[in-house]
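Trainee: Let me begin by handing over the structure; questions about it come next.
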Amino acid sequence: MPDVEKKESKEADKKDFHVSVPMETPGFFLRGSAHLDWGMKNRLSRIFNPKDGRTVMLAFDHGYIMGPTSGLERMDLAIPPLIPHVDCLMCTRGAIRSCIAPDTNKPLVLRCSTGATVLKELSNEVIGVTIEDAIRLNASAVTAQAYVGGPFEKESLANIGYLVNEGCKYGIATLGVTAVGREMVRDSRYLGLACRVVAELGVHFVKTYYCEPGFDDVVAGCPVPVVIAGGKKLPELDALNMAYKAISQGAAGVDMGRNIFNADDPVAMAQAVRAIVHDNEKPQKAFDLYNSLKGKRAKSGK
Ligand code: 5RP
């Protein structure tokens with residue numbers, strides 16, 4: 001995509017995102033969030049650590065389109081051991097109510113879209129969760145995905161707008177996820193367009209994919225914090241490398257699923273990702289940490 005940009009590709013080549021000039025964040029630590037209400041800021045401060053402005057979100061909402069995908073066959077067994085090592089949980093209301101203890105002191109980003117599965121057209125979604133139920137669950141943010149350029153682009157963008165409208169009534173933030181349809185290329189031009197579109201619709205933070213080259217342009221062109229999805233399972237060192245590169249280029253964290261819960265040792269992987277995001281650890285050091293934690297856990301049988 002986008003054809004419109006191809007037509008004016010000479011113009012597009014002239015874009016300057018001033019990546020070396022950080023966006024100012026006057027009065028509040030998160031970009032683009034200075035003028036939000038107290039409640040919204042408080043909820044965002046639960047998701048993002050105010051000390052460094054970053055987050056490690058654990059995504060385990062896959063079942064809503066994929067059913068019992070590998071690694072999440074038993075959410076009640078897979079997720080609780082990971083919770084101490086992440087900052088935030090991203091999942092459906094069915095998962096949180098059935099498998100996560102309510103005394104969990106981690107903020108919830110609630111998946112609210114529905115209507116599609118891997119068996120049909122994924123972009124054909126509606127919002128299936130009321131804001132009242134999100135409030136009942138004490139969600140810090142609600143989320144749906146935008147299929148920019150996809151068959152149901154308009155509907156998916158309307159879903160995002162709806163969540164922003166409803167969430168803003170009660171100070172609940174919206175995460176805009178940029179889903180990439182089969183026919184789309186995950187390059188900086190497409191992801192930059194999609195991130196900017198959902199930010200302009202009013203979401204408070206954006207989840208997208210890492211790309212190279214040009215991820216720093218994607219982040220710079222998006223006036224709210226950007227976190228990356230992990231995507232398909234990679235070898236652990238590669239996943240840590242990707243997280244490191246994303247953070248170095250301005251991402252405010254990760255919202256990672258398969259690369260954590262499908263790792264050889266998911267608990268060790270959550271801690272290694274955390275070391276990259278919050279301790280600025282280099283990928284090889286984080287991988288050494290992963291192997292050492294994995295070795296210790298194998299020895300102790302825990
Ligand atoms: C899909 C989502 C998923 O939560 C997310 O992409 C899954 O994370 P991962 O790709 O790291 O497994 O929002 O749109």
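The values are calculated or read from the model by the stated rules, or taken from the named source; none is laboratory data. It should be emphasised that the depicted structure is a prediction, and the values quoted were computed from it without experimental measurement. Here the Cβ is made from the backbone with ideal geometry for all residues, glycine too, and neighbour counts use every protein chain on show.
Trainee: Are any residues in region 230-243 under 17 Å from the mean Cα position of the chain (by Cα) and buried (at least 22 other Cβ atoms within 10 Å of the Cβ), and if so, which ones?
Mentor: 230, 239, 240, 242, 243
Trainee: Between residues in region 208-222 that are under 17 Å from residue 180 (Cα atoms) and residues that are of a type in the set (D, E, K, R) and modelled with pLDDT under 95, which pairs lie under 6 Å by C-beta distance while being six or more apart or on different chains?
Mentor: Sorted first by the residue in region 208-222, then by its partner, the pairs are 209/186; 211/186; 211/187.
Trainee: Okay, next question. Consider region 49-68. How many of its residues are farther than 18 Å from residue 207 by Cβ and under 19 Å from the mean Cα position of the chain (by Cα)? Full working, then the answer.
Mentor: The initial filter retains those residues of region 49-68 that are farther than 18 Å from residue 207 by Cβ, namely 50-52, 67-68.
Next, only the ones that are under 19 Å from the mean Cα position of the chain (by Cα) stay: 50, 52.
Number of matching residues: 2.
Trainee: Name the single residue, out of those in region 48-86 being within 15 Å of the ligand (Cβ to nearest atom) and β-branched (Val, Ile, Thr), that is farthest from residue 276 (Cα to Cα).
Mentor: Looking at residues that are within 15 Å of the ligand (Cβ to nearest atom) and β-branched (Val, Ile, Thr), I get 65.
Trainee: Which residues, taken from region 227-255, are more than 9 Å from the ligand (Cβ to nearest atom), of a type in the set (Gly, Ala, Ser) and part of a loop (DSSP other than H, G, I, E, B)?
Mentor: Scanning region 227-255 gives 250, 251, 252.
Trainee: Now for a different question. Tell me the residue from 194, 141 that is within 17 Å of the chain's Cα centre (by Cα) and in contact (Cβ under 8 Å) with a residue 60 or more places away in the chain, please.
Mentor: Answer to the selection: 141.
Trainee: Which pairs do you get when a residue that is small (Gly, Ala, Ser), found in region 33-48, comes within reach of a residue that is part of a helix (DSSP H, G or I), reach meaning Cβ atoms under 7 angstrom, with the pair 6+ apart or on two chains?
Mentor: 33/41; 33/44
Trainee: Give the residues of region 74-105 that are in contact (Cβ under 8 Å) with a residue 40 or more places away in the chain and within 22 Å of residue 172 (Cα to Cα), sorted by residue number.
Mentor: Of the residues in region 74-105, the ones in contact (Cβ under 8 Å) with a residue 40 or more places away in the chain are 78-79, 81-82, 85-88, 90, 93, 96-97.
Hits for region 74-105 are 86, 87, 88, 90, 93, 96, 97.
Trainee: In addition: If you take the residues of region 23-32 that are within 17 Å of residue 221 (Cβ to Cβ) and without any contact (Cβ under 8 Å) to a residue 40 or more places away in the chain, which of them is surrounded by the fewest Cβ atoms within 10 Å (Cβ to Cβ)?
Mentor: 24
Trainee: Here is a list: 46, 31. Which entry is within 19 Å of the chain's Cα centre (by Cα), over 18 Å from residue 258 (Cβ atoms) and in a loop (DSSP other than H, G, I, E, B)?
Mentor: That would be 31, the only listed residue that is within 19 Å of the chain's Cα centre (by Cα), over 18 Å from residue 258 (Cβ atoms) and in a loop (DSSP other than H, G, I, E, B).
Trainee: While we're looking at this one, here's another question. Within region 33-70, work out how many residues are charged (D, E, K, R) and crowded, with 17+ Cβ neighbours inside 10 Å.
Mentor: 5
Trainee: Looking only at region 87-105, how many residues end up being of a type in the set (Asp, Glu) and away from the ligand (no atom under 16 Å from the Cβ)?
Mentor: 1
Trainee: Check residue 264 against each of (1) more than 15 Å from the chain's Cα centre (by Cα); (2) near the ligand (Cβ under 10 Å from one of its atoms) and name the one condition it does not meet.
Mentor: Only one criterion is unmet by residue 264, namely (2).
Trainee: So, one more: Quick one: would you say residue 186 is touching a Cys at 6+ places or on another chain (Cβ under 6 Å) and either surrounded by fewer than 24 Cβ atoms within 10 Å (Cβ to Cβ) or in a strand (DSSP E or B) (or both)?
Mentor: Criteria met by residue 186.
Trainee: Quick check, is residue 130 modelled with pLDDT of 95 or more, more than 15 Å from the ligand (Cβ to nearest atom), over 25 Å from residue 228 (Cβ atoms) and not acidic (Asp, Glu)?
Mentor: Criteria met by residue 130.
Trainee: Which pairs turn up if I take residues in region 235-263 that are among the basic types (Lys, Arg) and look for partners that are within 15 Å of the ligand (Cβ to nearest atom) with beta carbon separation below 7 Å, at least 6 apart in sequence or on another chain?
Mentor: Pairs that qualify, where the first residue is among the basic types (Lys, Arg) and the partner is within 15 Å of the ligand (Cβ to nearest atom), are 245/210; 258/71; 258/230; 258/232; 258/233.
Trainee: When you go through 150, 128 one by one, which is the residue that is crowded, with 16+ Cβ neighbours inside 10 Å and either touching a strand residue (DSSP E or B) at 6+ places or on another chain (Cβ under 7 Å) or polar (S, T, N, Q) (or both)?
Mentor: Values: 150 fails: either touching a strand residue (DSSP E or B) at 6+ places or on another chain (Cβ under 7 Å) or polar (S, T, N, Q) (or both).
Exactly one residue qualifies, and that residue is 128.
Trainee: Go through region 204-226 and count every residue that is of a type outside the set (Gly, Ala, Ser), in a loop (DSSP other than H, G, I, E, B) and more than 13 Å from the ligand (Cβ to nearest atom).
Mentor: Qualifying residue count, region 204-226: 8.
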